[in-house]
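J.: Dumping the structure here so I can ask a few things about it.
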Amino acid sequence: MLRSLRNKRSLTDKIDSNRVENNEQVVKKRKHLTIKSDTNEITSDSNWKPPNWEKTLDNIRKMRKDIVAPVDNMGCDQAADLNEPPEVVRYHVLISLMLSSQTKDEVNFAAMQRLKQHGLTVDNILETSDDHLGKLIYPVGFWKTKVQYIKRTTRILKDTYNGDIPNTIKDLCQLPGIGPKMAHLCMSCAWNEVTGIGVDTHVHRISNRLGWVKKATKTPENTRIALESWLPKELWREVNHMLVGFGQTICRPIGPHCDSCLNKKTCPSAVSNSTTIKKK
């Protein structure tokens, strides 16, 4: 069965209760940062919202309750060891996110288990050879590059943040291998602060299929900006986890299960595919 809401937030609840212990000497007053798109194609339209979006969202909730997706048990928010000190838990979250790009949750979770058995702390990773670190995280996608990112990021954490992780989007995005998607998810999972929607390939694909963007978007970052222009902020945390699992199980990249989807009569992509099939 799907984890209860209480269990799903156990990581952020623990982080939130301990965040005051963060090192004040390296943490400056947090300022909100809006990450601009690399294009000027998307403009905010406060009056536009996709038709029937609330019903569509409710249908996805219903479908997600009946199906356990890999992200539910092996997502980045599940990989941290909650028995560790708060700063180590946050480091686990960051490393898991760094490993997750171009990598299935099952592979990422297994790599995190090996890292934790080895000793996933800032000091221990700095003492670990690149060769051994590579063997621990293989076969995550682009594992050789990620070895370098992890080592460089960990050194920055040691030298600049006293072994903790940054607590702003701006500072997180300055770490090697960290982009907006990872930064927003890290703020949510590690600091229990919603700063934006984490848009991965699943959220990007589904948002375009559902017509949740006014104009088709080409990149996850453009999709994030489009979604945040109309989706109520209280739903930002939920929508990532929900759509990722939906994309892993039903609205798959290849061979989506449109026939079993509760939104098949209203989804523009499902209606389009159905019309195309009938014409053949």
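J.: Where Rh is the Kirkwood radius over the Cα pairs of the stretch 105-149, the temperature 4 °C and the viscosity 1.567 mPa s, what D in µm²/s does Stokes-Einstein return? Don't skip to the answer; put the middle values down first.
T.: On the way: Rh = 10.5 Å.
Roughly 123 µm²/s, to the nearest whole number.
J.: Quick one: which of Lys116/Lys158; Lys62/Lys214; Lys104/Lys170; Lys104/Lys214; Lys181/Lys265; Lys62/Lys265 span more than 21 angstrom between C-alpha atoms?
T.: Values: Lys116/Lys158 18 Å; Lys62/Lys214 25 Å; Lys104/Lys170 27 Å; Lys104/Lys214 29 Å; Lys181/Lys265 31 Å; Lys62/Lys265 16 Å.
Over 21 Å apart, Cα to Cα: Lys62/Lys214; Lys104/Lys170; Lys104/Lys214; Lys181/Lys265.
J.: For a label point 7 angstrom out from the Cα of Arg114 toward its Cβ, which stretches of the stretch 131-168 have the backbone nitrogen within less than 19 Å?
T.: Inside the label zone: 131-152.
J.: Any idea of the accessible area per residue across the stretch 46-189, 1.4 Å probe, to the nearest Å²? List each step's numbers first, then the result.
T.: Details: 6520 Å² over 144 residues.
Averaged over the residues of the stretch 46-189, the accessible area is 45 Å².
J.: Could you give me the ³J(HN,Hα) list for the stretch 198-214, computed from phi with Karplus coefficients 6.51, -1.76, 1.60 and θ = phi - 60°, whole Hz, x at Gly and Pro?
T.: x, 10, 9, 4, 5, 4, 4, 5, 5, 4, 6, 5, 7, x, 7, 10, 4
J.: Here's another thing I want to ask about it. How large is the charge dipole for the stretch 165-280, taken about the Cα centre, if only the Cβ atoms of Lys, Arg (+1) and Asp, Glu (-1) carry charge, to the nearest 20 debye?
T.: Values: 16 positive and 8 negative charges, 166 e Å.
Computed charge dipole of the stretch 165-280: roughly 800 debye.
J.: Another one. May I ask you to work out the translational diffusion coefficient for the stretch 139-255 at 4 °C, viscosity 1.567 mPa s, via Stokes-Einstein with Rh from the Kirkwood sum over Cα pairs, reported in whole µm²/s?
T.: On the way: Rh = 15.4 Å.
Taking Rh from Cα pairs, D becomes 84 µm²/s.
J.: Could you sort 236-247, 130-141, 72-83 so that the peptide with the highest average Cβ count within 10 Å comes first and the rest follow in order?
T.: Values: 236-247: 21.9, 130-141: 15.2, 72-83: 19.2.
Those peptides, ordered most packed to least, come out 236-247, 72-83, 130-141.
The values are calculated or read from the model by the stated rules, or taken from the named source; none is laboratory data. Quick caveat, the model's predicted, so the values are computed rather than measured. As a convention, Cβ positions derive from the backbone with ideal geometry for all residues, glycine included, and neighbour counts pool all protein chains shown. Remember, those area values only see protein heavy atoms, side chains included, never the ligands or the DNA or RNA. Shrake-Rupley method; radii C 1.70, N 1.55, O 1.52, S 1.80 Å.
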